[in-house]
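Take a look at the structure set out below.
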Amino acid sequence: RKEVEQDPGPFNVPEGATVAFNCTYSNSASQSFFWYRQDCRKEPKLLMSVYSSGNEDGRFTAQLNRASQYISLLIRDSKLSDSATYLCVVAHSGAGSYQLTFGKGTKLSVIP
Amino acid sequence: DTGVSQDPRHKITKRGQNVTFRCDPISEHNRLYWYRQTLGQGPEFLTYFQNEAQLEKSRLLSDRFSAERPKGSFSTLEIQRTEQGDSAMYLCASSGGRGSTGELFFGEGSRLTVL
């Protein structure tokens, strides 16, 4: 089983739609969770951290279920500018190190 | 500080040649990471430094790959005897420092093409 698994998509949705991405992780000792966004031919950038209680940032809502080792990202009222690849990221630390593992990413295309 | 910078941005080389990439992290960051990314894949972890100490290396990092971070500032990633399978985007990221949330700040990457 891969460490971080995501549906690669692509998800093609019309403007204004709500879309949800899911991610599962295999390391139960993982401590921190993030969603990164990567535009075509650009570097990944942090979209939002994911907290145990769930958190919201404008149109974006992230959820974490530690028992099921599952993370989600919900985007409401999709904009054309949301078109990108969304990377699920899981972090764990040990022996003084701190490592982040990325999923393959889920590609989103928002269509006019 | 303008963020993480990487050099060169693009490198085309012939199979068997050696290449070296440089990364200058954000100055107050003590952690530095190298990742490799190929088309349709997420970034794959290669190695990690905390200050000048290389704390983790992925099994992806064969003995042809070596990374250094002298004095805990910039880092270099060298690939010896390049193979076509080494063609990828090599991403450097840094994090740490006062108030760090663990967020990685990536450079724009060094794209390697091995002919």
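The values are calculated or read from the model by the stated rules, or taken from the named source; none is laboratory data. Since the model is a prediction, treat every value here as computed from it, not as a measurement. Every residue, glycine among them, receives a Cβ derived from its backbone with ideal geometry; neighbour counts consider all protein chains shown. SASA here: full protein model, heavy atoms, side chains in, ligands and nucleic acids out. Shrake-Rupley method; radii C 1.70, N 1.55, O 1.52, S 1.80 Å.
Just a few scattered comments:
- Cleavage-rule hits (trypsin sites (Lys or Arg not before Pro)) in segment B:1-55: DSSP loop, at most 13 neighbouring Cβ within 10 angstrom: B:Arg9, B:Lys14, B:Arg15
- Take the Kirkwood radius over Cα pairs of the protein assembly as shown, plug it into Stokes-Einstein at 4 °C and 1.567 mPa s, and you get 71 µm²/s for translational diffusion.
- Gain on full extension, evaluated as 0.36 nm per residue between B:Gln84 and B:Leu115 minus their Cα-Cα distance, stands at 10.5 nm.
- Accessible surface, 1.4 Å probe, highest first, among residues B:Thr20, B:Thr2: B:Thr2, B:Thr20
- In units of the rule-of-thumb radius 2.2 N^0.38 Å, segment A:41-99 shows an alpha carbon radius of gyration of 1.31.
- The GluC sites (Glu not before Pro) of segment B:1-60 that meet both conditions, a loop assignment by DSSP and at most 13 other Cβ atoms within 10 Å of the site Cβ, are B:Glu28.
- Taking a Cβ cut-off of under 12 Å around B:Asp63, the surrounding Lys, Arg, Asp and Glu residues balance to a net charge of +3, with basic ones at +1 and acidic ones at -1.
- GNM top mover of A:Gly54, A:Gly94, A:Gly16 - chain A, alpha-carbon springs below 10 Å: A:Gly94
- Carbon plus sulfur fraction of accessible area for chain A, probe 1.4 Å, in percent: 49
- Length gained on full extension, A:Ser81 to A:Ser53, computed as 0.36 nm times the residue gap minus the Cα-Cα distance: 7.3 nm.
- Net charge in the neighbourhood of B:Ser110 (other residues with Cβ under 9 Å of its Cβ; Lys, Arg +1, Asp, Glu -1) is +2.
- The length gained on full extension between A:Ala67 and A:Gln31, counted as 0.36 nm times the residue separation minus their Cα-Cα distance, comes to 11.7 nm.
- Selected from A:Ser49, A:Ser81, A:Ser97 as most flexible by GNM, with chain A as the system and alpha-carbon contacts under 10 Å: A:Ser97
- When trypsin sites (Lys or Arg not before Pro) are flagged only if DSSP places them in a loop and at most 15 other Cβ atoms lie within 10 Å, the longest unflagged stretch of chain A comes out as A:3-40.
- Pairs beyond 32 Å (Cα-Cα), from A:Lys107/B:Lys57; A:Lys2/B:Lys71; A:Lys79/B:Lys14; A:Lys107/B:Lys71: A:Lys2/B:Lys71; A:Lys79/B:Lys14; A:Lys107/B:Lys71
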